[in-house]
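Quick notes on the structure that follows.
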Amino acid sequence: MENDQFRQARDFVLQNRRRDGIGTLGEKTIHAVLKRYYEPYGDNHEISLGGFVADAVGEDGIYEIQTRQFDKLKPKLAAFLPVCHVTVVYPVVVRKRLNWIDPQTGEIVQQGRWFRCGSAYSFFPELYRIRSFLQEPNLSFRVAELTAEEYRLLNGCGVQKKNHAEKYDRIPESLQREWKLERRADFAAFLPDGLPETFDSSVFAKAARISRSAAQVTLLILAEQGTVRRIGKQGNAYLYETCI
C-alpha cells in the first residue's frame, strides 16, 4: 500500500536525522520524507541538471517538493519541462498537533491536542503563480494531505514566550490523501459535492468550506483547465457551470 511506502520513507528519514540538538536541521522533515517517498533511492536526490538542482530524479522524471512560493519554480520549470517530465508535489497539513520546545534543553515542555487546519484548496493560489506553465504536457502535480506534529521554540515574546515564536519543524505522521493531477480532467476532483447547476464563488466557497477569495482563485484555475466555464454575471459575481 502507498501509505506503507510513506511510513517506510518517514521512518527512514527520522532514523537518519541529525539529533545533536536544536537548530541542527537543514532540510525540513516533510520535504525530506516526501522526497524519499517519491524516489526511494537516495543517490537520485539533489541532482544537478541544466544549471539547477532537482529534488529527485527517477523513472517518472523529476520531482520537485514545494510547500509555498511556486513562483520560485519558474526558472527550473523553464529549464526542465522542454526535456523532461516534472511532477510538482505540494504538501498540505490538514491535521496537526502543536508542541513547544525549550530552546535551551531541546525538551518538549508542552504538547497540544490534535486539530484540523489546512485545506488542499490552498494549492490553487500557488498554482496561480505559475499559471503560464499549466498547459505544458510535461507538467503534473501531486497534492499530499498530511497529518503532522508541529514543533515551535519557546523563544518568542510575552509571558509564555509564544508570540512570534520560531517554527522549528513539522514531523509528518501519515499521508491521508494524495491528489494526482496528471491531466486537465483530473482537476474535476476539486469540485465539491452539492454544487447546483449554476453557481458563483460564494456558493462554491460554502460547498468547499473555504474562503470566498480562495474560491475565486480556484474557479479561475478550474476554468483555465476546462473543469468549469463562465456563463455570465449576476451583479458583480461571475456565474459558472461545470463541464463534466
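The values are calculated or read from the model by the stated rules, or taken from the named source; none is laboratory data. As the structure is a computational prediction, the values presented were derived from the model and not from experiment. Glycine gets a Cβ as well: all are built from the backbone with ideal geometry, and neighbour counts include every protein chain shown. Remember, those area values only see protein heavy atoms, side chains included, never the ligands or the DNA or RNA. Shrake-Rupley method; radii C 1.70, N 1.55, O 1.52, S 1.80 Å.
Among the residues of region 90-130, those identified as surrounded by 14 or more Cβ atoms within 10 Å (Cβ to Cβ) and basic (Lys, Arg) are ARG95, LYS96, ARG97, ARG129.
Every test in (1) open to solvent by 30 Å² or more (accessible area, probe 1.4 Å); (2) at pLDDT below 95; (3) outside any helix (DSSP H, G or I) is passed by ASP169 save one, and that test is (1). Selection of region 77-89 for residues being over 30 Å from ARG116 (Cβ atoms) and buried (at least 16 other Cβ atoms within 10 Å of the Cβ) yields LEU77, ALA79, PHE80, LEU81, HIS85, VAL86. Consider GLU136 carefully, then state whether it is in contact with a helix residue (DSSP H, G or I) (Cβ under 9 Å, 6 or more places away or on another chain), part of a loop (DSSP other than H, G, I, E, B) and more than 18 Å from THR218 (Cβ to Cβ). When the stated conditions are applied, GLU136 passes them.
Among the conditions (1) buried (at least 16 other Cβ atoms within 10 Å of the Cβ); (2) aliphatic (A, V, I, L, M); (3) in a strand (DSSP E or B), ILE231 misses just one, which is (1).
Candidates in region 186-207 are the residues that are open to solvent by less than 80 Å² (accessible area, probe 1.4 Å) and without any contact (Cβ under 8 Å) to a residue 12 or more places away in the chain; of these, the one that is nearest to VAL88 (Cα to Cα) is ASP186. The lone criterion from (1) under 13 Å from the mean Cα position of the chain (by Cα); (2) open to solvent by 40 Å² or more (accessible area, probe 1.4 Å) left unmet by GLU59 is number (1).
Do the conditions hold for LEU154, that is, is it of a type in the set (A, V, I, L, M) and either crowded, with 18+ Cβ neighbours inside 10 Å or within 30 Å of LEU219 (Cβ to Cβ) (or both)? Considered against the rule, which asks whether it is of a type in the set (A, V, I, L, M) and either crowded, with 18+ Cβ neighbours inside 10 Å or within 30 Å of LEU219 (Cβ to Cβ) (or both), LEU154 comes out as no. Residues that are touching a strand residue (DSSP E or B) at 6+ places or on another chain (Cβ under 9 Å) and among the acidic types (Asp, Glu) within region 166-215 comprise GLU166, ASP169, GLU173, GLU178, GLU182, ASP186, GLU197, ASP200, listed in sequence order.
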